Amino acid sequence: MEKREPSHMLDLPAIKSQIGEVNFCFRQEVTSTNDWARDSASQLKAGEINLFLAENQTAGRGRGDHVWYSGPGSLTFSLLMPCPFNLQDPRRGLLALATGCGICTALRSWGFETQIKWPNDVFFRQRKLAGVLIESVDHNRVIIGCGINVNNEVSCIESATNLRSHASDPVDLSEILIALVRAINWRVSSIEQAPGELIGLVAQYDGLVGKLVQWSTGRKTGTGVAQGIADDGSLRILTDQGEIGVHSGSVTVLSNL
Amino acid sequence: MADDKNPESEVFDIDRLRNLVELMQEHDLSEIDLRNEAKRIKVRRGAEPTYAVPAVAAPVAAPVATGGAAAPAAAAAPAEDDNTTAINSPMVGTFYTRPKPDAPNFVKVGDHVDADTVVCLVEAMKMFNEIPAGISGKIAAVLVKNEEPVDVGKPLFKVIPD
């Protein structure tokens, strides 16, 4: 068996014992933890929270046809959990931001001053550190997929960074994972009770405010200056036509103002 | 829509106007506003541009203005002009006909669906929401193109109910 680097190893018993009520499933390799969670959903109780963790993901997905690259030393996992909001509830749109907030809160407790790039990325020093992809399943559950660059090699991707590059020693994957799962679970579970607290935290972590951005929704694009996040989670952008709210698609930073 | 009153001004040259209109059509521009010192020509196509929340079934959905209250939409509602029922979008977002770029569409015209059949995805703030048909029947039409923005209440499919 191939010997693994210590910085790439996971302490599975420690993870299992420290993630509270969350059920834990582990595989060394999967195509995508989101697909694994979806395939498993019908055999799991609707009210449970399940963590699907894989050491390697061979076909991780981002939005649309984007691919999430993950290798040894990174964290790729999905949380299958009940969705507190039905399809018509606009608060449903807060789930990605809540996940991003959970990631930032956990990583900031380790000294990494991360920021949210609306709506589903986490950046550190202007580079992408983590991505989130959320999918609904069974109409009342969601799969929250997360990919975080920790000790893995990212030097071939100019726009990406990892925690290892900014720490004196390799980061303990298991400890980071436990902190992330706890923080995401808490943040998502408390949206309903404290939406204002979430929006306040998003404003604190917002990495786009004041920047010139280009938004793209399907085939439509536009530019403007990001003004912050509205209470429904949409991105407020000041354009030459006035202020608009962007609810879907993606945003690219054109320049810092 | 021009400010210049000089009849000899070449800014009103008909060929120039024709070229501008062709350019606007070619690039799907809604407005051109040219100025040269005191001379000005401003040409606009279609309705006044707006970023307000479009009415239900408006052809363009996003972006929408901040503060527009989103009324919950029924998943399925009778269409006005025939015996079909529309499956409407329950949220603002981007419409996807298939679960992944390399996968087949969830449904196609002629398919039979049940209330729980997933007919499409609508992505809102990077959450990909499976949209159920909400009705049993046969898909009569797909009303929105893949990756098109949709608003709350936008009809997505026509269904002939069982």
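B:H112 sits with roughly 110 Å² accessible to a 1.4 Å probe, with DNA, RNA and ligands left out of the calculation.
Computed on the Cα trace of region A:136-257, the radius of gyration divided by the Kirkwood hydrodynamic radius gives Rg/Rh = 1.01.
Using a probe of 1.4 angstrom and keeping all protein chains present, the accessible surface of chain A works out to 44 square angstrom per residue.
The ellipsoid that matches the Cα gyration tensor of chain A has semi-axes, each √(5λ) in whole angstrom, of 29, 22, 17, with the longest given first. Shown here for region B:86-162: trypsin sites (Lys or Arg not before Pro) in loop regions (DSSP other than H, G, I, E, B) with at most 13 other Cβ atoms within 10 Å, namely B:K108, B:K145. The portion of the accessible surface of region A:138-257 made up by carbon and sulfur, rounded to a whole percent, is 47 (1.4 Å probe; DNA, RNA and ligands excluded). Loop-located GluC sites (Glu not before Pro) in region A:107-172 (DSSP state not H, G, I, E or B) with no more than 12 neighbouring Cβ atoms inside 10 Å: A:E113, A:E158. Evaluated with a Cβ-only charge set (Lys, Arg +1; Asp, Glu -1), chain A carries a dipole of roughly 280 debye about its Cα centre, given to the nearest 20.
The Cα atoms of region B:81-120 give a gyration tensor whose axes a ≥ b ≥ c have a/c of 1.5 or more with a/b no greater than b/c, which makes the shape oblate. Using only side-chain charges placed at the Cβ, +1 for Lys and Arg and -1 for Asp and Glu, the dipole size of region A:211-256 relative to its Cα centre rounds to 220 debye. From Cα pairs below 8 angstrom and at least 6 apart in sequence, can you work out the relative contact order of chain A, rounded to a whole percent? Reported as a whole number, the value is 17 percent.
For region A:211-256, the square roots of the Cα gyration tensor eigenvalues, ordered a ≥ b ≥ c, give a/c below 1.5, which places it in the rounded category. Summarising the amide proton neighbourhood of A:I134: residues at separation of 5 or more, or on other chains, whose placed amide H is nearer than 5 Å comprise A:G145, B:F128.
Label region A:91-131 by shape, choosing from rounded, prolate and oblate, from the square roots a ≥ b ≥ c of the eigenvalues of the Cα gyration tensor; if a/c is under 1.5 it is rounded, and otherwise prolate applies when a/b is larger than b/c, oblate when it is not. Oblate, since a/c reaches 1.5 and b/c is not below a/b. Take the accessible area of chain A alone and of chain B alone, subtract that of the pair, and you get about 3200 Å² summed over both chains, using a 1.4 Å probe. With a 1.4 Å probe rolled over the protein heavy atoms of all chains, the accessible area of B:C120, A:C156 falls in the order A:C156, B:C120, largest first.
In a simple Cβ point-charge model (Lys, Arg +1; Asp, Glu -1; nothing else charged), region A:17-170 has a dipole of about 360 debye relative to its Cα centre.
Relative to the longest principal axis of the Cα atoms of chain A, the long axis of helix A:195-205 lies at roughly 90 degrees.
Measuring heavy-atom accessible area with a 1.4 angstrom probe and counting protein chains only, the residues of region A:219-257 that give up at least 50 Å² relative to the chain alone are A:R219, A:K220, A:Q241, A:I244, A:H247, A:S248.
The values are calculated or read from the model by the stated rules, or taken from the named source; none is laboratory data. Computed from a predicted structure; not experimentally measured. Using ideal geometry, Cβ is built from the backbone for each residue, glycine included, and neighbour counts are taken over all protein chains shown. Accessible surface areas use protein heavy atoms only, side chains included; no ligands, DNA or RNA. Shrake-Rupley method; radii C 1.70, N 1.55, O 1.52, S 1.80 Å.
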